[in-house]
1. Would you point out which residue out of Pro198, Pro146 is out of contact with any helix residue (DSSP H, G or I) (no Cβ under 8 Å at 6 or more places or on another chain), of a type outside the set (S, T, N, Q) and within 19 Å of Ala264 (Cα to Cα)?
2. Taking the options Lys130, Lys148, name whichever one is closer than 23 Å to His216 by Cβ and either in contact with a Pro (Cβ under 7 Å, 6 or more places away or on another chain) or basic (Lys, Arg) (or both).
3. Would you check if Val231 is in the same structural domain as Ser282 (by TED's automatic domain parsing), outside any helix (DSSP H, G or I) and closer than 23 Å to His121 by Cβ?
4. Does the stretch 235-251 hold any residues that are free of Cβ contacts under 8 Å to residues at least 12 places away in the same chain and part of a loop (DSSP other than H, G, I, E, B), and which are they?
5. Condition (residue is among the hydroxyl-bearing types (Ser, Thr, Tyr), under 16 Å from His279 (Cβ atoms) and touching a residue at least 40 places away in the same chain (Cβ under 8 Å)) applied to the stretch 139-151: is it met by at least one residue?
6. Looking only at the stretch 165-186, which residues are in a helix (DSSP H, G or I), buried (at least 16 other Cβ atoms within 10 Å of the Cβ) and either on the phi > 0 side of the Ramachandran plot or over 20 Å from the mean Cα position of the chain (by Cα) (or both)?
7. Mind listing whichever residues of the stretch 241-259 are in contact with a Phe, Trp or Tyr (Cβ under 8 Å, 6 or more places away or on another chain) and surrounded by fewer than 10 Cβ atoms within 10 Å (Cβ to Cβ)?
8. For the stretch 205-234, which residues satisfy the criterion of being free of Cβ contacts under 8 Å to residues at least 40 places away in the same chain and out of contact with any Ser or Thr (no Cβ under 8 Å at 6 or more places or on another chain)?
Amino acid sequence: MTLTIGGKSETRLDVVAREFRIVEEYRVFRHARCEPAKDVVHRNAHAPNRRLSAPLSRFQRDIIPVIHGTKYSIGDRLRYRLIVDRRQLRRVVHKINSAAPPRRRRIGLLGGSFNPAHDGHRYVSLLALKRLALDEVWWLVSPQNPLKASAGMADLASRLDGARAVARHRRIRVTDIERRLGTRHTVDTLAALGRRFPRHAFVWLMGADNLAQIEHWKDWPKIFSRAPIAVIDRSTYSYSALAGKAARRFRRARLDARRAKSLAVTDPPAWVFIRGKPHPASATGIRNARAGRGNGADGANRGRRA
């Protein structure tokens with residue numbers, strides 16, 4: 001349950017953890033019989049004979065409306081009224097802690113061929129870790145992308161080794177779990193991961209280029225219903241992606257970027273567009289440069305996933 005206290009969203013446990021301090025301050029305020037004013041004199045709870053001057057705006061905004069029933073529901077007001085001493089507060093907090101489920105680990109999923117992995121993948125992962133408040137990012141190295149030809153594709157072991165060399169971060173995990181799950185399509189991979197890791201909160205990470213052509217993926221609307229999605233800005237593709245079929249169909253599910261840190265615990269469908277400094281690296285460009293056909297400025301990862 002999430003409550004809005006003082007303009008901020010808090011969980012029930014957050015509210016209870018604050019209640020003793022708030023109620024104590026209200027009791028001191030009431031005991032001192034101070035009239036509502038900008039500044040009042042009240043007694044310090046730890047030194048009853050010492051009088052301190054304090055602003056009343058906190059009481060007017062958060063406490064008085066709770067006690068007098070002008071702001072919150074009856075249940076919320078009762079909790080504030082009942083918790084009046086430290087022992088009772090400890091009992092309530094212990095009960096909630098005992099009943100609360102363990103926190104779900106927040107995992108970002110970055111899928112692709114990684115043929116080869118490059119610093120752009122690492123940059124996107126670090127950006128997601130920060131902006132989405134993730135615990136880890138998993139690089140799902142695909143055995144074979146259904147939308148890509150096998151010609152020119154390095155073997156899986158080489159791509160895994162290359163990805164581990166590029167990742168170089170304790171919170172970026174390189175895995176071939178799709179091979180072990182026996183899945184080839186994103187929609188199937190998300191379903192299998194949800195069954196295998198029910199206590200993880202997954203977020204699918206993709207570039208704006210992939211959002212622009214996601215309608216070619218297998219059962220693409222189901223992808224939105226199986227996991228929240230974070231779309232990373234790629235300036236060349238961002239406009240077409242945000243004006244595309246998927247963005248228009250799920251426009252009501254788009255979160256404001258300021259709420260990005262809550263994406264992992266938001267029920268799907270939910271997605272957010274993350275803006276960041278563009279990174280020039282692309283797997284296509286690297287392959288072309290290795291083959292002597294260009295410098296890597298064009299053709300960034302089109303159709304990376306399916």
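The values are calculated or read from the model by the stated rules, or taken from the named source; none is laboratory data. Quantities reported herein were computed from a predicted structural model and do not represent experimental measurements. Using ideal geometry, Cβ is built from the backbone for each residue, glycine included, and neighbour counts are taken over all protein chains shown.
1. Values: Pro146 fails: within 19 Å of Ala264 (Cα to Cα).
Testing whether each residue is out of contact with any helix residue (DSSP H, G or I) (no Cβ under 8 Å at 6 or more places or on another chain), of a type outside the set (S, T, N, Q) and within 19 Å of Ala264 (Cα to Cα) leaves just Pro198.
2. Values: Lys130 fails: closer than 23 Å to His216 by Cβ.
Of the residues listed, the single one that is closer than 23 Å to His216 by Cβ and either in contact with a Pro (Cβ under 7 Å, 6 or more places away or on another chain) or basic (Lys, Arg) (or both) is Lys148.
3. Working: in the same structural domain as Ser282 (by TED's automatic domain parsing): yes; outside any helix (DSSP H, G or I): yes; closer than 23 Å to His121 by Cβ: yes.
It is true that Val231 is in the same structural domain as Ser282 (by TED's automatic domain parsing), outside any helix (DSSP H, G or I) and closer than 23 Å to His121 by Cβ.
4. First, the residues of the stretch 235-251 that are free of Cβ contacts under 8 Å to residues at least 12 places away in the same chain: 239, 243, 248, 251.
Across the stretch 235-251, the qualifying residue is only Ala243.
5. Initial filter on the stretch 139-151 (among the hydroxyl-bearing types (Ser, Thr, Tyr)): 142, 150.
Keeping just the survivors that are under 16 Å from His279 (Cβ atoms) gives none.
Among the residues of the stretch 139-151, not one is among the hydroxyl-bearing types (Ser, Thr, Tyr), under 16 Å from His279 (Cβ atoms) and touching a residue at least 40 places away in the same chain (Cβ under 8 Å), which makes the answer no.
6. Within the stretch 165-186, the subset in a helix (DSSP H, G or I) is 165-167, 177-181, 186.
Checking which are buried (at least 16 other Cβ atoms within 10 Å of the Cβ) leaves us with 166-167, 177-179, 181, 186.
Once the filter is applied, which keeps residues that are in a helix (DSSP H, G or I), buried (at least 16 other Cβ atoms within 10 Å of the Cβ) and either on the phi > 0 side of the Ramachandran plot or over 20 Å from the mean Cα position of the chain (by Cα) (or both), the stretch 165-186 yields Val166, Ala167, Ile177, Glu178, Arg179, Leu181.
7. Pass one, the stretch 241-259, residues in contact with a Phe, Trp or Tyr (Cβ under 8 Å, 6 or more places away or on another chain): 242, 246, 250, 253-255, 257.
Within the stretch 241-259, no residue meets the criteria.
8. Of everything in the stretch 205-234, those that are free of Cβ contacts under 8 Å to residues at least 40 places away in the same chain and out of contact with any Ser or Thr (no Cβ under 8 Å at 6 or more places or on another chain) turn out to be Leu211, Ile214, Glu215, Asp219, Trp220, Pro221, Lys222.
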